[in-house]
Amino acid sequence: MAVFLIIVFFSIFLVDTFFLNGLLLQWGTLNNEEVFLNNQWWRVITAPLFHFGVIHIFANSLATYCTGILIESKIKSTWFLLIFMVSNTIKKVVPFGKN
């Protein structure tokens, strides 16, 4: 599942960068105004799949691969995906409570 997530990261990044001129990044990343004022809560869930640059995507892919290999050897891949999405969603939501 870790490798699948990395493929998703790179696919989104490459398609958005070379074909859509950043449109997916605008519609999928976390934006407090859009989330609260326009009720676009899906941005909280999709934000972990988007990356702002080459270094960002490589660093996150490396971290996802290293942790994924360790975790997936102990639990099923579907649980890894669930943990990945829930932990990233919580990471995005918690700062809202501070504002």
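Based on protein heavy atoms only, the chain ends up with 67 Å² per residue of surface accessible to a 1.4 Å probe. Between the helical axis of 77-98 and the longest alpha-carbon principal axis of the chain there is an angle of about 30 degrees. From the Cα gyration tensor of the range 59-99, with a ≥ b ≥ c the square roots of its eigenvalues, which class applies: rounded if a/c is under 1.5, or else prolate if a/b is larger than b/c, or else oblate? Taking the square roots of the gyration eigenvalues as a ≥ b ≥ c, the range 59-99 is oblate.
Only helical runs count toward this figure. For the chain, summing -39,500 (n - 2.57) over DSSP H runs of n ≥ 4 and dividing by all residues gives -24000 deg cm²/dmol at 222 nm. Surface composition of the chain: carbon and sulfur make up 72 percent of the accessible area, probe 1.4 Å.
Taking V44, V86, V54 as the candidate residues, the one with maximal mean-square fluctuation in a Gaussian network model of the chain, Cα springs under 10 Å, is V54. Note on the chain: dipole from Cβ charges, positive end direction compared against F18, I71, P48; the farthest Cα belongs to I71. Here the chain is treated with +1 on each Lys and Arg Cβ and -1 on each Asp and Glu Cβ, and its dipole about the Cα centre works out to around 300 debye.
The values are calculated or read from the model by the stated rules, or taken from the named source; none is laboratory data. None of these values were measured; they are calculated from a predicted model. When we count neighbours, we look across all protein chains shown, and the Cβ atoms used for this are built from the backbone with ideal geometry, even at glycine. All accessible areas refer to the heavy atoms of the entire protein, side chains included, with ligands and DNA or RNA removed. Shrake-Rupley method; radii C 1.70, N 1.55, O 1.52, S 1.80 Å.
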